[in-house]
1. Summing -39500 (n - 2.57) over the DSSP H runs of n ≥ 4 in the chain and dividing by its residue number, what mean residue ellipticity at 222 nm do you reach, to the nearest 500 deg cm²/dmol?
2. Classify segment 1-48 from the C-alpha gyration tensor, please: rounded if a/c falls under 1.5, else prolate or oblate depending on whether a/b exceeds b/c.
3. State, to one decimal in nm², a quarter of the convex hull surface area for the C-alpha atoms of segment 51-90, i.e. the direction-averaged projected area.
4. In terms of the Cα gyration tensor, with a ≥ b ≥ c the square roots of its eigenvalues, is segment 14-98 rounded because a/c is under 1.5, prolate because a/b exceeds b/c, or oblate?
5. Suppose a student asked you for the relative contact order of the chain, using Cα pairs under 8 Å spaced at least 6 residues apart; what percent would you report?
């Protein structure tokens with residue numbers, strides 16, 4: 001069996017943890033996330049949010065998925081739905097949500 005170990009990414013300048021997304025724009029190859037109060041710088045700051053947006057370039061829309069998970073307020077099972085990012089944006093154009101985790105946050 002092959003074993004692969006990937007180091008956590010650390011020292012990144014910004015964090016999306018606890019950031020509230022208010023709008024998503026999708027073009028053929030780019031995604032932009034806009035925030036109500038910004039996102040967070042990870043070092044050398046006073047903890048106030050950074051204003052702006054996050055842009056992901058040269059994405060493949062066929063591999064951009066959204067998972068809507070409903071926990072029903074308890075531990076254990078949950079209900080959910082998977083959809084394309086384009087489908088999510090079309091269905092929930094006026095939704096906002098909070099990012100509670102990221103692949104590199106808090107190691």
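What follows draws every value from the coordinates through simple rules; no lab data is involved. What you see is a predicted model, and the numbers here were worked out from it, not measured in a lab.
1. Only helices count here, giving -1500 deg cm²/dmol.
2. Since a/c reaches 1.5 but b/c is at least a/b, the shape of segment 1-48 is classed as oblate.
3. In nm², the orientation-averaged hull projection of segment 51-90 is 4.8.
4. In terms of gyration-tensor shape, oblate.
5. In percent, rounded to a whole number, it is 30.
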